[in-house]
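A.B. asks: I have a structure I would like to understand better, so I am pasting it below and will then ask my questions one at a time.
The values are calculated or read from the model by the stated rules, or taken from the named source; none is laboratory data. These numbers were taken from a predicted model, which means no experiment stands behind them. FYI the Cβ positions are ideal-geometry reconstructions off the backbone, even for glycines, and counts take in every protein chain you see.
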Amino acid sequence: MIGALQALMRPPTGMDFDFENPAGEPALAPADGISWQIFANPVSLFIGGVSAVLLELAEPSVRSGVWDHSSFRRDPAMRLRRTGFAAMMTVYGPRGAAQDMIARVVRMHEQVKGTTPDGTPYRANDPRLLDWVQATAVFGFTEAYHRYVTPLSAQQKCAAFAEGEPAARLYGATNAPRSWQAWESLLGQMAPQLEGSAILDEFLDIMANGPILPRPVRWLQRLLVRAAVEITPDPVRALPQLRGRGLRPGEGALVKTLGRAASIMPLPQLPPARAAKRLKGDVSPAH
């Protein structure tokens, strides 16, 4: 069951990467930091990623950029794996390779531009939009881990934002929040422009019912989507498209059980364990 979520952490076909080499090369995020703990849990990663996208899709320009220029509707599982691989590289990959990957993403995003339905122009590399995307991602992953795996202190929550700053700057998010307080301030500033849409409904339906996890565990997929709605902050959680779609009575305990179980399961072939071997120098020959 949890193994199906772990599969989303593996690089997609054609994007294989050796996280064990080069020996000793650090990552963008510190190995002794909270990010290495947060991103190693597939349950909270799934939940946090969905919550982050809900926040992003509530912003009109980000919504148009994501929905008009991505493969999400055609192949949600592949899109999630590609996004997951980017997150794994950002947190666990050797610094040089992570910098190269981010540079490629920035170049691709340079082509993403257009206008929203009301005629407002947007471009994906707009620093204001990048700040929001970066902030919502850190919030989502951190809050999901805090709620469903292990409670985090205020200091640890702030550290998650601070540890994401090097990657955020490489992406062009030059004013992304560096603390939990700065995140809450940004959320308050953005609140007036966050809105509901039919796309939010479509996204939730895809995440709940699309072919992301194998059919026998599709119930788990729907449960984790409800857990994501549960942690999404107002004003987005109060939108009509999310109302009543959070956890049902008793489900919170089940999600916590799954999250805690995932945190103790061995993951020797996934990026967190392989990156740890790289830093210890206990690596296999490069290939």
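A.B. asks: Of the numbered conditions (1) out of contact with any Asp or Glu (no Cβ under 9 Å at 6 or more places or on another chain); (2) surrounded by 11 or more Cβ atoms within 10 Å (Cβ to Cβ), residue 279 satisfies every one except a single condition; which is it?
C.D. replies: (1)
A.B. asks: Just need a number here: residues in region 163-196 that are part of a loop (DSSP other than H, G, I, E, B), surrounded by 17 or more Cβ atoms within 10 Å (Cβ to Cβ) and in contact (Cβ under 8 Å) with a residue 60 or more places away in the chain.
C.D. replies: Of the residues in region 163-196, 4 are part of a loop (DSSP other than H, G, I, E, B), surrounded by 17 or more Cβ atoms within 10 Å (Cβ to Cβ) and in contact (Cβ under 8 Å) with a residue 60 or more places away in the chain.
A.B. asks: Identify, from the list 273, 253, the residue that is loosely packed, with under 12 Cβ neighbours inside 10 Å and not in a loop (DSSP other than H, G, I, E, B).
C.D. replies: Numbers: 273 fails: loosely packed, with under 12 Cβ neighbours inside 10 Å.
From the options 273, 253, the qualifying one is 253.
A.B. asks: Do any residues in region 224-248 that are in contact (Cβ under 8 Å) with a residue 24 or more places away in the chain have Cβ atoms under 9 Å from those of residues that are of a type in the set (Phe, Trp, Tyr) and in a loop (DSSP other than H, G, I, E, B), where the two are at least six apart or on different chains, and which pairs are they?
C.D. replies: none
A.B. asks: Would you be able to tell me the number of residues in region 1-26 that are of a type in the set (Lys, Arg) and part of a helix (DSSP H, G or I)? Full working, then the answer.
C.D. replies: Kept after step one, since they are of a type in the set (Lys, Arg), are these residues of region 1-26: 10.
Subsequent filtering for residues that are part of a helix (DSSP H, G or I) retains none.
The number of residues fulfilling the criteria is 0.
A.B. asks: Filter region 95-120 down to the residues that are in contact with a Ser or Thr (Cβ under 9 Å, 6 or more places away or on another chain) and closer than 20 Å to residue 31 by Cβ and list them by number.
C.D. replies: Passing the criteria: 98, 101, 102.
A.B. asks: Under 13 Å from residue 55 (Cα atoms), of a type in the set (Gly, Ala, Ser) and touching a residue at least 24 places away in the same chain (Cβ under 8 Å), is that true of residue 140?
C.D. replies: On the way: under 13 Å from residue 55 (Cα atoms): yes; of a type in the set (Gly, Ala, Ser): yes; touching a residue at least 24 places away in the same chain (Cβ under 8 Å): yes.
Here the answer is yes, as residue 140 does meet what is asked.
A.B. asks: Would you pick out the residues in region 27-86 that are assigned to a loop (DSSP other than H, G, I, E, B), under 15 Å from the mean Cα position of the chain (by Cα), closer than 26 Å to residue 261 by Cβ and not small (Gly, Ala, Ser)?
C.D. replies: Within region 27-86, 39, 41 meet the criteria.
A.B. asks: Across region 72-111, what is the total count of residues that are loosely packed, with under 14 Cβ neighbours inside 10 Å, among the small types (Gly, Ala, Ser) and touching a Leu at 6+ places or on another chain (Cβ under 9 Å)?
C.D. replies: 1
A.B. asks: Residues that are in contact with a Lys or Arg (Cβ under 7 Å, 6 or more places away or on another chain) and either of a type outside the set (A, V, I, L, M) or at pLDDT 95 or above (or both): does region 270-278 have at least one?
C.D. replies: There is no residue in region 270-278 that is in contact with a Lys or Arg (Cβ under 7 Å, 6 or more places away or on another chain) and either of a type outside the set (A, V, I, L, M) or at pLDDT 95 or above (or both).
A.B. asks: Looking only at region 50-71, how many residues end up being at pLDDT 95 or above, under 26 Å from residue 2 (Cα atoms) and surrounded by fewer than 23 Cβ atoms within 10 Å (Cβ to Cβ)?
C.D. replies: 0
A.B. asks: Out of the residues in region 146-162 meeting the condition of being touching a residue at least 60 places away in the same chain (Cβ under 8 Å) and over 17 Å from residue 181 (Cα atoms), tell me which one is surrounded by the fewest Cβ atoms within 10 Å (Cβ to Cβ).
C.D. replies: Only one residue tops the list, namely 150.
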